[in-house]
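All remarks here apply to the structure that follows.
Each value in this text was obtained by applying a stated rule to the coordinates, not by laboratory testing. Here the structure is a predicted model, which is why all the values come from computation and not from measurement. We place every Cβ from the backbone using ideal geometry, glycine too, and count neighbours over all the protein chains shown.
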Ligand code: NCD
Ligand code: ZN
């Protein structure tokens, strides 16, 4: 096959940041995706109506002139029902971070119990709950330990849509089928790499992210679920740009920058495994059904022609920097 196309690809977990970084990275997603779920973990989190509207405005300005819908989120804290009722149509969901578990999550929640009234109101108002599901335990076990909390949430709020963000384990893949109200996103890096790629040889800071890449059997379970477009699984790049001096330093920031190369790599990966027919569901249709959203119509064409990934984009090093990919984006039309 020499040509391939995708209709309205969606990135259901994306960090766009603010200021100069936003200006650099937003057009890269907006060029090839039809929309994305925009994460709220800014240095000052998106946790009020003003902040939400102001951030949405900045995002919309940064993506101009591309056709691209930013699906905004709020940073989880205790919100009352009146507030949620008021902002409900302006957001796709609320993102919960356990306190201190990842970038800019210091003001995250300290106990799930304290959040009960907010969860109830979200369930009633049909606002999805997006979760960074890691405990503060041993780094390789953080996600599998958090499954017990997902179970408790799924059982206590059976009508609340719960999205396990950026899953990294076989345990999380298995858990998808246990409860009707449980869904998940998976990143590009987690279907490709294991901890060995990050730290098995020389340390590779640009592959370091939270949750950390796990074992080969975890990667294989994630890859199979993606290749078969498990109907409860969506693509969410978790593309998380950090300037090069924050990555190549003592105390490396967590996050892999994949937005500019994710689609080309996915096309090559699905082709290699003979699963190209499933990519449309994985990249867009599953998410549309799960969230009940209709993204702008946009056709992205790919051609089998080598693409050399830039070494740096602005101040950020992308995954596969300086390497050759087998597929490139051809042209796109709105
Ligand atoms: C993300 C970031 O940098 O904002 N980092 C990451 O490693 N994934 C935060 C997150 O999603 O955990
Ligand atoms: Zn993230």
Shape of the chain, Cα gyration tensor, a/c cut at 1.5: rounded
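Run the numbers on region 18-93 and let me know its relative contact order in percent, using alpha-carbon pairs under 8 Å that are six or more apart.
Reported relative contact order: 39 percent.
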Cα long-axis angle, helix 142-156 against the chain (0 to 90 degrees, to the nearest 10): 50 degrees
Antiparallel DSSP beta bridges within the chain, as percent of all bridges there, nearest 5: 30 percent
Cα shape, region 292-334, gyration tensor, a/c 1.5 rule: oblate
C-alpha long axis of helix 216-227 to longest principal axis of the chain, angle in °: 80 degrees
Kirkwood hydrodynamic radius over Cα pairs of region 81-234, then Stokes diffusion coefficient at 20 °C and 1.002 mPa s, in µm²/s: 132 µm²/s
Value of relative contact order over the chain, rounded to a whole percent, pairs C-alpha under 8 Å and six or more apart: 19 percent
Per-peptide average of other Cβ atoms within 10 Å, ordering 246-256, 219-229 highest first: 219-229, 246-256
Ordering of 11-20, 182-191 by burial proxy (mean other Cβ atoms within 10 Å per residue, highest first): 182-191, 11-20
Over the chain: helical MRE at 222 nm, DSSP H runs n ≥ 4 each giving -39500 (n - 2.57), nearest 500: -9500 deg cm²/dmol
Whole-Å distance, taken between Cα centres, linking region 267-334 and region 158-206: 19 Å
Global form of region 180-237, assessed from the alpha-carbon gyration tensor, a/c cut-off 1.5: prolate
Ranked by how many other beta carbons lie within 10 Å on average, peptides 158-169, 207-218 from highest: 158-169, 207-218
On Cα atoms only, tilt of 49-63 relative to the major axis of the chain in degrees: 10 degrees
